[in-house]
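The values are calculated or read from the model by the stated rules, or taken from the named source; none is laboratory data. Bear in mind the structure is a predicted one, so any value in this text is a computation, not a measurement. Please note: Cβ atoms are built from the backbone with ideal geometry, for glycine as well, and neighbour counts cover all protein chains shown. Each accessible area value is taken on the protein alone, full model and side chains, heavy atoms only, with ligands, DNA and RNA left out. Shrake-Rupley method; radii C 1.70, N 1.55, O 1.52, S 1.80 Å.
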Amino acid sequence: MVALGSIDEVRRAVTSCTACALCEGRTNAVPGRGDARARIMLVGEAPGRREDGLGEPFVGAAGQILDAALAGAGLSRDAVYITNTVKCRPPRNRVPTDAEREACSGYLAAEMALVAPRIVCIMGNTAYRSLLGGGGITRERGKTVRRGGVDYFLTVHPAAAIYNRALEGVLGEDMRALARIAAG
Ligand code: URA
């Protein structure tokens, strides 16, 4: 991958990317959005149908849950940087394959290097696996992990709360903890 020197360059590279077969089924690739100098970067899994239609991350049902959790922690969407592990929608919203995560990993690495947030919030197992090689995030959530000079905070994926409403409270609690850590 060529060196990506700004968030705008990452955005352009993502929107024209053909590195894996997901490009064939997309309406729009979905680069990250938000404050390119944010103290908090949130990383999800991959765009869903609504994100694919609009080209923006977390604008569907999971996004509404995320927005509510952020608001409860005194955070606005514009004050953070929100992105995904994989930038194109997998068919029927299946979990991205290892090869798809690998093909997209340079974009996430570039976003992390350019935004250089105080903390990266991993939302769900796909991001956990990609960034830290982890799994079983429901047990690990609420923890901060330092790796390679970067602080990561672990939480559940907002979409998990669509089916298990108790996780909305968990996500809200985690966002409040995240806001406190980021302010420190
Ligand atoms: N789920 C994700 O992981 N990302 C989105 O952008 C939307 C839903």
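Overview of results
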quantity	calculated
Carbon and sulfur %, accessible surface of the stretch 36-184 computed with the full protein complex present, 1.4 Å	50 percent
Built amide H within the under 5 Å cut-off of Glu45, gap 5+	Thr85
For the chain, calculated [θ]222 nm from helices alone, where every DSSP H run of n ≥ 4 adds -39500 (n - 2.57)	-13000 deg cm²/dmol
Separation between Cα centres of the stretch 40-115 and the stretch 149-181, rounded to whole Å	14 Å
Within the chain, percent of DSSP bridges classed antiparallel, to nearest 5	35 percent
For the chain, alpha-carbon Rg and Dmax in angstrom	14.9, 43
Projected label distance in nm at Arg147 and Asp98, using a 7 Å step from Cα toward the beta-carbon	1.6 nm
Rounded accessible area per residue of the stretch 37-184, 1.4 Å, Å²	45 Å²
